[in-house]
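A.B. asks: Sharing a structure here in structure tokens format.
Every number in this text was worked out from the coordinates using simple rules, so none of it is lab data. These numbers come from a predicted model, not from an experiment. Virtual Cβ from ideal backbone geometry, glycine too; neighbours counted across all protein chains shown.
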Amino acid sequence: MLGGVAKDVRWVGSSLDDQRALPPAVRRELGFDLRRVQQGTLPRDWKPIRAVGPGVMEIRVHLGGAFRLMYVAKFAEAVYVLHVFQKKTQKTSELDLAVARRRLALVRRTREEK
């Protein structure tokens, strides 16, 4: 754990509502891995998403479908959850990448204003 304190989680846009709409078993798995990220360790199944931006990662869950949670944890104050969704095809859709890019830009703007 970084400094003994878990980072806050900040949900961007509709990401919290999107996560709440997923099946309970998927939410539990995502929550477990998100907690690992808060504590400064890697999720069990993840990959970097360079197409969205530097430092953006996704947690991957396979339970009756492919579910993803995109986040950025490189900022000291929090883990920002950018996008939560169920994948319909093997390749992440351009729409999902665009949503995550917009939300990452929002995080950057908000941080600059402080």
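A.B. asks: Please compute the length gained on full extension between E77 and R20, using 0.36 nm multiplied by the number of residues separating them and subtracting their Cα-Cα distance.
C.D. replies: So the chain would gain 18.2 nm between E77 and R20.
A.B. asks: I've got another one for you. Based on alpha-carbon positions alone, could you give the equivalent ellipsoid semi-axes of segment 28-94 from the gyration tensor, as √(5λ), descending, whole Å?
C.D. replies: Its equivalent ellipsoid spans semi-axes of 19, 15, 9 Å.
A.B. asks: Describe numerically, in nm with one decimal, the distance between label points set 7 Å from Cα along Cα→Cβ at L95 and at L42.
C.D. replies: 3.2
A.B. asks: Continuing with this model, one more query. Relative contact order for the chain: what percent, with Cα pairs under 8 Å and sequence separation of 6 or more?
C.D. replies: Relative contact order for the chain comes out at 27 percent.
A.B. asks: Charges at C-beta only: +1 for Lys and Arg, -1 for Asp and Glu. How large is the resulting dipole of segment 2-113 about its Cα centre, in Debye rounded to 20?
C.D. replies: 200
A.B. asks: Lysines near K7 by alpha-carbon distance under 21 Å, same-chain residues fewer than 8 away left out - which ones?
C.D. replies: K47, K74, K114
A.B. asks: Among A105, V52, V5, which residue has its Cα furthest toward the positive end of the charge dipole of the chain, with +1 on Lys/Arg Cβ and -1 on Asp/Glu Cβ?
C.D. replies: About the Cα centre, the residue reaching furthest to the positive side is V52.
A.B. asks: Further, regarding this structure: Please identify every one of the chymotrypsin sites (Phe, Trp or Tyr not before Pro) in segment 49-114 that sits in a loop by DSSP and has no more than 16 other beta carbons within 10 Å of its own beta carbon.
C.D. replies: F75
A.B. asks: What is the sum of charges, Lys and Arg at +1 and Asp and Glu at -1, for the other residues whose Cβ falls under 12 Å from the Cβ of R102?
C.D. replies: Taking every other residue near R102 into account, the sum is +3.
A.B. asks: When the helix-only estimate is applied to the chain (DSSP H runs of n ≥ 4, each -39,500 (n - 2.57), divided by the residue count), what is the mean residue ellipticity at 222 nm, nearest 500 deg cm²/dmol?
C.D. replies: Using -39500 (n - 2.57) per qualifying helix, the result is -11500 deg cm²/dmol.
A.B. asks: Around S14, under 13 Å between beta carbons, what's the net of Lys plus Arg minus Asp minus Glu among the other residues?
C.D. replies: Residues near S14 contribute 0 overall.
A.B. asks: In Å and on Cα atoms, what radius of gyration and Dmax does the chain show?
C.D. replies: According to the Cα coordinates of the chain, Rg and Dmax are 13.3, 41 Å.
A.B. asks: Could you tell me the center-to-center distance, by alpha carbons, between segment 83-107 and segment 5-36 in angstrom?
C.D. replies: Cα centres, segment 83-107 to segment 5-36: 15 Å.
A.B. asks: Hey, what did segment 40-91 get for relative contact order, percent, Cα under 8 Å, at least 6 apart?
C.D. replies: Relative contact order here is 24 percent.
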